[in-house]
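The values are calculated or read from the model by the stated rules, or taken from the named source; none is laboratory data. Since the structure is predicted, the reported quantities are computational estimates derived from the model, not experimental observations. Note: ideal-geometry Cβ built from the backbone for every residue, glycine included; neighbour counts use all protein chains shown. In case anyone asks, the SASA skips ligands and DNA or RNA and just uses the protein heavy atoms, side chains included. Shrake-Rupley method; radii C 1.70, N 1.55, O 1.52, S 1.80 Å.
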Amino acid sequence: MKIIKFGGTSLQTPTLVNNAIEIIKSYQDKVVVIISAIGRKGFPYSTDTLIDLLKGSYLSNKEMDRYLSIGETYASLILSNELNKRHINSYSASYREVGFTCDKSYQKGEIVSYQKDKVKQLINKYQVLVIPGFISKSNEGEVITLGRGTSDYSVVLLGKILEQNEVILFKDVDGIYPTIQYPLTKLKNYQNLSYEESLALCNISYEVINKKAILEAKEQNIKLIIKNFILNDKQTIISNISSERKVLGFNLINNQYLIATFLQNEVKEELDIIFKKNHIFIKNYEIYDDYLAFSFNKSQSLLIRQIILSVYFKDMIN
């Protein structure tokens, strides 16, 4: 059995739908597919579009969750239809059939129970089971969404229920990179990252994988394999294997650089020396559990970025 997830951009054109189907067909085993809402803002049923359409909404939280579930539901039905059109025995399961139950925290539901047998019975009946991510239900059967980006979390939960040691997430990148503050075409992606290293990147707001998904995968020891839906031989595996790098990545937010590292004081001292040589004035440093942050003169942003890249990621620049 394979458990895979397609991100929202992977089905936004007929060509990409065909591509997704070819990926599914490439597996000889049964396939469980978790799907996100199709496309980004501007696509008819993307989550951002749905939110924009109801700005200033008078819907209750209960109604809003039902509304927000439309995107994933639509995407799962579209994919299952296309699979069956190609004579691939597929079924799109509803949030009720999957059997996840969560509390009544609308738009940020927490899973409290699941029914393993429900999913297994469906898998036994079909070659491909398509499941909308991001959606669960309350004890009363109401729709509850799990929070933005939690289709990744849905994948890991299914990996846990079905006792799989890995899940594959197809996204619009070749894996995880040290930063998004530099053209990804000029950087190499990580081959391996530990769960802790991936969480450190989340903590600097560089969240390629949903944080809840990583925490659950760590607890269950499930490998997360990140691949591009435009297939190539690149990928990043998140597991117990570390990248063994001093600095894991960096991000720039509100005129503040955030540096993901478990050696905060050592990296701070190194950067201090280099910055002073380059006449860069740092206003203040802040030390956290797995990253450090500092403010700076805005005019020196690009110079700081080049220094960080050349000192800590020279071998990852193409």
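In this structure, the pairs whose alpha-carbon distance is over 22 Å, taken from Lys186/Lys227; Lys30/Lys120; Lys25/Lys212; Lys188/Lys276; Lys2/Lys171; Lys5/Lys160, are Lys25/Lys212; Lys188/Lys276.
For segment 52-122, the convex hull drawn through the C-alpha positions has a volume of 91 cubic angstrom per residue. Normalised per residue, the accessible area of segment 164-205 is 36 Å², obtained with a 1.4 Å probe and no contribution from ligands, DNA or RNA.
Springs between Cα atoms under 10 Å define the GNM used for the chain, and in it the highest mean-square fluctuation of Asp52, Asp172, Asp233 occurs at Asp233.
Between Gly42, Gly99, Gly249, the Gaussian network model of the chain with springs among Cα atoms under 10 angstrom shows the greatest mean-square fluctuation at Gly42. For segment 242-283, pairs of C-alpha atoms spaced more than 11 angstrom apart make up 70 percent of the total. Computed over neighbours whose Cβ is under 11 Å from that of Ile214, the net charge equals -3, Lys and Arg +1, Asp and Glu -1.
Comparing mean-square fluctuations of Pro132, Pro178, Pro14 from a GNM of the chain with C-alpha springs under 10 Å, the top value falls on Pro14.
Tally Lys/Arg at +1 and Asp/Glu at -1 over every other residue whose Cβ is under 12 Å from the Cβ of Gly7; what's the total? Write down the numbers at each step before the final one.
Numbers: positive: Lys5, Arg40, Lys171, Lys227; negative: Glu72, Asp152, Asp172.
With Lys, Arg at +1 and Asp, Glu at -1, the net is +1.
Its residues counted as N, segment 212-284 yields a C-alpha radius of gyration over 2.2 N^0.38 Å of 1.52.
Calculate the tail of P(r) for segment 93-197: the fraction of all Cα-Cα distances greater than 25 Å, expressed in %. All intermediate terms of the calculation are to be shown ahead of the outcome.
Details: 1841 of 5460 pairs.
Every Cα pair in segment 93-197 considered, those over 25 Å come to 34 percent.
Reported value for segment 15-75: 78 Å³ per residue, from the convex hull of its C-alpha atoms. Placing a pseudo-label 7 Å from each Cα along the Cα-to-Cβ vector at Tyr27 and Asn61 gives an inter-label distance of 3.5 nm.
Need one number: % antiparallel among DSSP beta bridges in segment 1-125, to the nearest 5. Working shown, then result.
On the way: 3 of 9 bridges.
Beta bridges within segment 1-125, antiparallel portion: roughly 35 percent.
If you look at the Cα atoms of segment 1-160, you get an Rg and a Dmax of 15.1, 48 Å. Taking every DSSP beta bridge that has both ends in the chain, the antiparallel portion is near 50%. Computed over the Cα atoms of segment 165-318, pair by distinct pair, the Kirkwood hydrodynamic radius stands at 16.0 angstrom. Three principal axis extents describe the C-alpha atoms of the chain; from largest down they are 66, 47, 35 Å. Taken along the Cα-to-beta-carbon direction at a fixed 7 Å, the label points for Phe281 and Leu54 span 5.0 nm. Counted over all Cα-Cα pairs of segment 150-222, pairs farther apart than 19 Å make up 34 percent.
Please report the carbon-and-sulfur percent of the accessible area for the chain; probe 1.4 Å, protein heavy atoms only, DNA, RNA and ligands left out. Working shown, then result.
Values: 7300 of 14910 Å².
Carbon-and-sulfur percentage of accessible area, whole number: 49.
Divide the volume of the convex hull of the Cα atoms of segment 249-318 by its number of residues and quote the answer in cubic angstrom per residue.
Values: hull volume 6.2 nm³, N = 70.
Taking the convex hull of the Cα positions in segment 249-318, it is 89 Å³ per residue.
Work out the FRET efficiency for Glu97 and Glu163 from their Cβ-Cβ distance, taking R0 = 25 Å, and round it to the nearest 0.05. Let's see the in-between values first.
Numbers: r = 20 Å, r/R0 = 0.78.
According to the calculation, E is roughly 0.80.
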